[in-house]
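For reference, the structure discussed in these notes is given below.
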Amino acid sequence: MKPYTELTRKELLDLQKELQAEYQSEKDKGLKLDISRGKPSKAQLDLSMPMLDVINSSSDMTTENGTDVRNYGLLDGIPEAKKLMGDMMDADPSQVIVWGNSSLNIMYDCVARSVLFGVMGSTPWSKLDKVKFLCPVPGYDRHFGVTEQFGIEMINVPVLADGPDMDMVEEYVNNDPAVKGIWCVPVYANPTGSVYSEETVKRMAALKPAAKDFRIYWDNAYCVHHLFDEEEKQAKVLNILEECERAGNPDMVYQFCSTSKVTFAGAGIAAMSSSPANIADIKSKIQWSTIGPDKINQLRHVRFFKDADGLREHMKKHAAIVRPKFEEVLGTLDRELSELEIAQWSHPMGGYFVSFDAMEGCAKKIVEKCKEAGLVLTGAGAAFPYGKDPKDSNIRIAPTMPPMEELKEAMKLFVTCVKLVTVEKLLEA
C-alpha cells in the first residue's frame, strides 16, 4: 500500500468507503473493550496470591528490631521494608520512608506540604504570587492532575528519546524562581517508554535552581518493570541521589516507587527516598498526621519476596505475561500502519504503555470512533497538562489488562479507526 499522502482524491474516496464498511462491521459486533488504564491483568495479580499465606494468626509478628507490627510505631516503616524498597531505588535504607499503598499519594502529600508549610523553612507556596512546575510531555496525567488541583501553573517540556529537553529545563529552572518542581519518570516513562540517558541525569543533577526550594519529583514507577529477562535489554539509569550529591545538590530530589503493579495494585507498599535533610523535614511534618503505616502489609511483602533478588525473580513472571501483549500491539501497528506513513509510535523495552502519535488533528476523532464501536481508550490529550494536546495527535495505549483475544480485537478496531479518521482528514484538505 502506498503512503496515504500519495493517494489521489479518487483513491482516498474509494478507501474511505472500504474503511467505513470495515468500521461498521466492527461496530456491529457490540464490543466492550478497554485499553485505557495501565492496570495489571488478573494473571499478573494471581502471581501474588501466595503472599496472603505468608502471615496468619500463628505467625511471628515482630520485625528484625523487635517491633510488634500490630502496634503503633516506626513512622518511617519497618527496617526490612526500608531495605527492600531502598534496593528498588538504589537508596540507603536510612534515606527511605515506607508509607501506605500509593506512591501517588506520597507525591500529592509532598506538594501539599510544600503549599502549606514550605520546603525546609522556605516560604509556603500558598503565600507566593506564582508557583510553576515543568511537565515533560507526553506524560502521566495524574501527575498533572496533582499540580493542577493546587493551582500550580504547568509548563510543557517535550520528551525526547533520552528524557526531557534539558536545554529548556535548564533555561526555566536556572532563571525563574517561580519554578518549584519538575515531574520525571526516568525509566520507561509513561507513556513514551523513554529512558533517561546518562547525560540527561547528570544535567538534571547539575541544575542551579533560581529557587532554593526547587525539587525534582523522580517517580521511579517502572524501575523493575522490564519486558525482557536479558539484563542487557533492561534499562539502567544513573542513581539520581548520588548524582545530585556529587553535583552539590543533595537536597534537590524526591524519589518515589511502589509495588502497586508488582503485587496488588490496591494493596502494595510505596516509598520515597531523599537526602537526610529532606527526610528529617518530612518526618517532622508527618508525625502529626499518622502514628505509623500499615506495618503488617510491609512485613507480608518482605516475607514474600525475602530480598531484592526475590523481587526480581517475581518480575520475570510479570514479563512473561506482559511481553506477548506488547508484541501483539507493536506487531499490529507495524504490520498495518508502517507503510502508510500516517502515524508514529514508541517501541518500549518496559513499563506499561505504548505512546501513539496520529496525524495532527486526528487523536480526538480516533478516540471518539473507537468509543462508538465499543473500545475505551485514555482520553485524547490526557498525557498533557490541562488535557490539552497542542497537536491533537497523542493517544496512550495500555495493553496489560485485557486477555490476549480481547487485545487483538481492540487493536484491529483501533487501526481501522486510525486509517478511517486519517483518510477523512486528508479529504478535508
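The values are calculated or read from the model by the stated rules, or taken from the named source; none is laboratory data. What you see is a predicted model; the values in this text were computed from it and never measured. Note that each Cβ is placed from the backbone with ideal geometry, even for glycine, and that neighbours are counted across all protein chains shown. These area figures cover heavy atoms from the full protein model, side chains too; ligands, DNA and RNA do not enter into them. Shrake-Rupley method; radii C 1.70, N 1.55, O 1.52, S 1.80 Å.
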Item to check | Selected residue (criterion: farthest from K325 (Cα to Cα)) from residues of the stretch 32-62 that are polar (S, T, N, Q) and under 25 Å from the mean Cα position of the chain (by Cα) | outcome: S48
Checklist entry - Any residue at all in the stretch 46-61 that is modelled with pLDDT of 95 or more, surrounded by fewer than 17 Cβ atoms within 10 Å (Cβ to Cβ) and closer than 30 Å to P191 by Cβ? => result yes
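Among residues belonging to the stretch 391-413 that are among the hydrophobic types (A, V, I, L, M, F, W, C), open to solvent by less than 10 Å² (accessible area, probe 1.4 Å) and touching a residue at least 60 places away in the same chain (Cβ under 8 Å), point out the one that is farthest from L45 (Cα to Cα). Can you show your working first?
In the first step, residues of the stretch 391-413 are kept if they are among the hydrophobic types (A, V, I, L, M, F, W, C); the result is 395, 397-398, 401, 404, 407, 410-411, 413.
Add one more test, that the residue is open to solvent by less than 10 Å² (accessible area, probe 1.4 Å), and what stays is 395, 397-398, 407, 410-411, 413.
Then drop every residue that is not touching a residue at least 60 places away in the same chain (Cβ under 8 Å), which leaves 397-398, 407, 410-411, 413.
Values: I397: 20, A398: 16, L407: 18, A410: 22, M411: 23, L413: 27 Å.
My answer is L413.
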Next on the checklist: Just checking, does the stretch 262-285 include any residue being open to solvent by 30 Å² or more (accessible area, probe 1.4 Å) and in contact with a strand residue (DSSP E or B) (Cβ under 6 Å, 6 or more places away or on another chain)?
Outcome noted: no
Next on the checklist: I'm trying to understand the selection: among the residues of the stretch 193-233, which are in contact (Cβ under 8 Å) with a residue 60 or more places away in the chain, touching a Phe, Trp or Tyr at 6+ places or on another chain (Cβ under 9 Å) and aliphatic (A, V, I, L, M)?
Outcome noted: V195, A221, L227
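Would you point out which residue out of D92, D68, D34 is open to solvent by 40 Å² or more (accessible area, probe 1.4 Å) and touching a Leu at 6+ places or on another chain (Cβ under 8 Å)? Outline the logic, then answer.
Working: D92 fails: touching a Leu at 6+ places or on another chain (Cβ under 8 Å); D68 fails: touching a Leu at 6+ places or on another chain (Cβ under 8 Å).
When all the criteria are applied, what remains is D34.
Among the residues of the stretch 358-371, count how many are assigned to a helix (DSSP H, G or I) and either closer than 9 Å to I395 by Cβ or in contact with a helix residue (DSSP H, G or I) (Cβ under 7 Å, 6 or more places away or on another chain) (or both).
The number of residues fulfilling the criteria is 6.
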Item to check | Residue list for the stretch 209-234, restricted to those being open to solvent by 30 Å² or more (accessible area, probe 1.4 Å) and either part of a helix (DSSP H, G or I) or among the β-branched types (V, I, T) (or both) | outcome: E231, E232, K233
Checklist outcome for this item: For the stretch 326-347, pairs from a residue that is loosely packed, with under 13 Cβ neighbours inside 10 Å to a residue that is of a type in the set (D, E, K, R), with Cβ under 7 Å and 6 or more apart or across chains, are none
Next on the checklist: Go through the stretch 235-272 and report how many residues are more than 28 Å from P50 (Cβ to Cβ), within 18 Å of the chain's Cα centre (by Cα) and not in a loop (DSSP other than H, G, I, E, B).
Outcome noted: 4
Item to check | Hits in the stretch 400-429 (condition: more than 25 Å from M349 (Cβ to Cβ) and aliphatic (A, V, I, L, M)) | outcome: L413, L420, V421, V423, L426, L427, A429
